[in-house]
Structure formats: C-alpha cells, structure tokens
Amino acid sequence: MSCWNRRYFFYFVFAYALAYYILQVSGCADNPTSLGKNFLPPGDTAGIRVFDSYIDTMQFTSINLRKAVNTSGSTNLIVGISGNYNSKALIKFTSLSTAFDSAVVYSAILQLKYNNYYFPSTPSDSFGNISFNIYTVEQNLNYGTVTYDSVSSTSFGTVLQGSYSGVPVDTQTINITLNSLLVQNWLAYAADTNHGVKNYGIVLNPNPSSAVLKSFYSANNNSGLKPLLRIIVSKGGTTDTISSDVSQTVSLINTTFITTPEVFHLQAGVSYIQTLKFTENKIPANATINDAQLILTLDSADSKFSTQTVQQLISYFITDTANGVVTETVPFYGSPTGSLYYFRIILPFQRWVQGQTNWGMEIVPQNQTVNLDLFTFYNVTASDPSKRPRVIIKYTPRTGK
C-alpha cells in the first residue's frame, strides 16, 4: 500500500472511531425533559392522545364570587345608580397651599369634566340623569387600597357640602359649589396638620334621582381633564384665586346578581370573578401536556360593553382558597373568536397531573379595575350542552421503562 493510501486509510479509521464514541456518549445522557418529550422515539410513548370534555368525562367545579378591587388607578371616576348598580366617587385634594392658614374662603368650586362613559351602555343611557350629594370623608382612608367592602355608613359625614343633578354629555365640564367653610378648613389643615378638622376628602354619594352611572375624568388624566378645585380666598386684606388639580380619586362600586344555573358573570369594577376547577385524573401522571385549552361561550345578549371595553380576559393559577382566592401573578390570556373565548393553559394542567394541588383557575376581565365591563358566559349547568365550558387536552403518555 502506498504512503498516500495508508494516510487516507488512517483518516478513515480515526473518523469512524470518533463517530462511534460520540454515539456511545450521547446514549448515556439523561432522559429528555418534559420540553423534549415530543422527540422521544415512538417506542417510548403511547403516541399523542386527545381528551375532550365534550366527549370524555370531566368534572367541573364552578364558583362565582365577589373579589372586591380598588379602582384608584382608573381613568374613570364613576358615580350614579342604575338598578342594582351603585357607585360612590371619592376625591381628596392633596397639595393645597400652606400659605392660607388664617384665610377666609369666599367661594369654592369643584370642577369635573365628563368622560363620556356611561353604564348601562345603550344609547338612551347616554342621556340619563345623574344626581349626587357631597359629604365629607370621616376616616383617613387609603385611596390606593380602599374598596367598597372596606367602608361603612360611618365612613362619611351627614352634613351636606354640595350637590349636583343633571345630564352631562360628550366632554362637558360641570361646576359644583362647595361649602366654603369646608374648604377653609382644608387650607387650615394644609398649613397645620394639628388643625381640628381634617382633610380626608369628599364623597359624591348618588341619590335616587340618578338613573344611570356616569364617569368623570379621574386624577389619572392629563392636566385640564382631572378634577379641579378653584378657590377665592382672602388673607391680610388681599383676595386671591387659587386652583389645584392634584388629587387622589377612587370609585366604590357595588352590585349583586341573581344566581342562575345558565350563566356566570364577570363584572369589572366591583368585581365578580369566576373560579373553575377541572378534574384531570383521566390524564396519566407521567404524561406530557402538549396543549390544553379552556373554551368559554359568551352570552352576548346579557353582556354589557362600551367603547372602552377590552375584549380579552385573564386567568390566573390559584394557589390557595383558605383565606379567599389567592393566585399567582402570571397571566394566561383568553381571546375571542366570535362568541368563543380560548385560553391556553398548558402549564397549569402539567403541574396538576404531576401532583400539585388543584385549586383551579381564576378568571377576570382584563379591565377589572378600570370600568364596568360585564362579561356573561354559559355555565357548566347550562341547558344547552354545546355552550358549556369545554376543555381539550393533547398529551403524550409515557409507556414507562
């Protein structure tokens, strides 16, 4: 054999030995993780299977409950009454001048700009009347956390400080005369927090003359839109006009629903949420969840949307129900296709089949702290089986070795 041929023969033997070594080492590696089980050889799996709750048996636990939310971050400040709906609006001006401790207030005007949002959402409601009385807030409430459930009648005063009744439309500005002595005390408190009368804000409390709930721009808007306090004040013989639009605002909204077997409600602003628990014991514990979808059917006739509505829902993995519903913060979004809402919840089902406690999922509107979007869905006991919640799971069972 020539030197040239011997050289290539040596290269061939070396390459073959190296390839054999690599194959042997890779064969000793760990089994694929759950992310790689789709690449398992067919002999290691029973193939991809499909579970469909409309065909197979799955037990659902469906609970509609109220989980009060704070609305201080909303651009809406909602006040009014309509049917079972009632909303109070709280405003506290927080940066009043400290230079008027002994001043006399001649007049004080609260200026609110209508946000052209109304509930219910039919065209006739846009011309509905709202009417409210203004009282002091008597407790030092945290506007960033307070909810309707955390106040009572003693949270508010009983002496009338101002009132309004009318039909605001478009982006109309309304001016409400406040008790000048009230605002005079606010200025004194701004200069000295030991002043006997505190500034905890005011409540716009709707009265029975209201026929609708309407929204004014809240403190979370640009200058020129947010609530404004304009004061004519005199001190040391000098009369000034001062204004402030620095405030905290929050809506305290309440409603109740009549429970029926047909539907459940997701009510933003209040809010009502839904918990759904799925019995997953038909799925093997060693299975890989390739896909898992929850499908809900909307009852559009009993839902109430507006131009502010975000047509999307959010679900959260429930971690505990001992002290109310506790959830993780990672969202699983539900988006509509026609009247059907689809949630992809692969990870929750994977965790449940692997043994983590199954408390189910919490479902809420994406706008739950913003306005009064009402989503109504057919329940697990709906008379039409084709409209009940549906779960479809694609999974790969391991054969076990």
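A compact table of results
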quantity	calculated
Debye equation applied to the C-alpha atoms of the chain, log10 I(q)/I(0) at 0.07, 0.08, 0.14 Å⁻¹	-0.49, -0.59, -1.15
Cut-off 10 Å between beta-carbons: net charge of the residues surrounding Leu228, Lys and Arg +1, Asp and Glu -1	+2
Nonlocal amide H pairs with Ala287, under 5 Å, H built at 1.01 Å	Arg398
Over the chain, relative contact order from alpha-carbon pairs under 8 Å, at least 6 apart, %	25 percent
Estimated FRET transfer efficiency (Val50, Asn84; beta-carbon r; R0 51 Å; 0.05)	0.75
Cβ-defined net charge surrounding Phe332, 14 Å radius [Lys, Arg +1; Asp, Glu -1]	-1
Derived scalar couplings ³J(HN,Hα) [segment 249-254; Karplus, 6.51 cos²θ - 1.76 cosθ + 1.60; whole Hz; x for Gly, Pro]	9, 7, 9, 10, 10, 9
Segments 167-174, 70-77 sorted - mean Cβ within 10 Å per residue, highest first	70-77, 167-174
Alpha-carbon centroids, segment 113-177 and segment 308-382: separation in whole Å	31 Å
Within segment 76-254: Cβ-based charge dipole about Cα centre, in debye rounded to nearest 20 (Lys, Arg +1; Asp, Glu -1)	80 debye
Packing-based exposure ordering (other Cβ within 10 Å, fewest first) of Ile202, Ile130, Ile345	Ile345, Ile202, Ile130
Other-chain or far-sequence residues with amide H under 5 Å of Ile345's (modelled H)	Ala292, Gln293, Leu294
Amide H partners (placed H, <5 Å) of Phe156, local residues excluded	Glu138
The chain: DSSP helices with Cα axial extent of at least 20 Å and average Kyte-Doolittle hydropathy no lower than -1.0	3-27
Magnitude of the charge dipole, segment 282-401, Cβ model with Lys/Arg +1 and Asp/Glu -1, debye to 20	600 debye
Order by protection proxy (mean Cβ within 10 Å, highest first), peptides 180-187, 323-330, 278-285	180-187, 278-285, 323-330
Label point at Thr238 placed 7 Å out along Cα→Cβ; residues across segment 166-196 whose backbone nitrogen lies under 20 Å	184, 187-192
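Readers should treat all values here as calculations from the given coordinates under stated rules, not as data from a laboratory. Small disclaimer: the values here were computed from a predicted structure and weren't measured. Here Cβ is always computed from backbone atoms with ideal geometry, including for glycine, and neighbour counts include all displayed protein chains.
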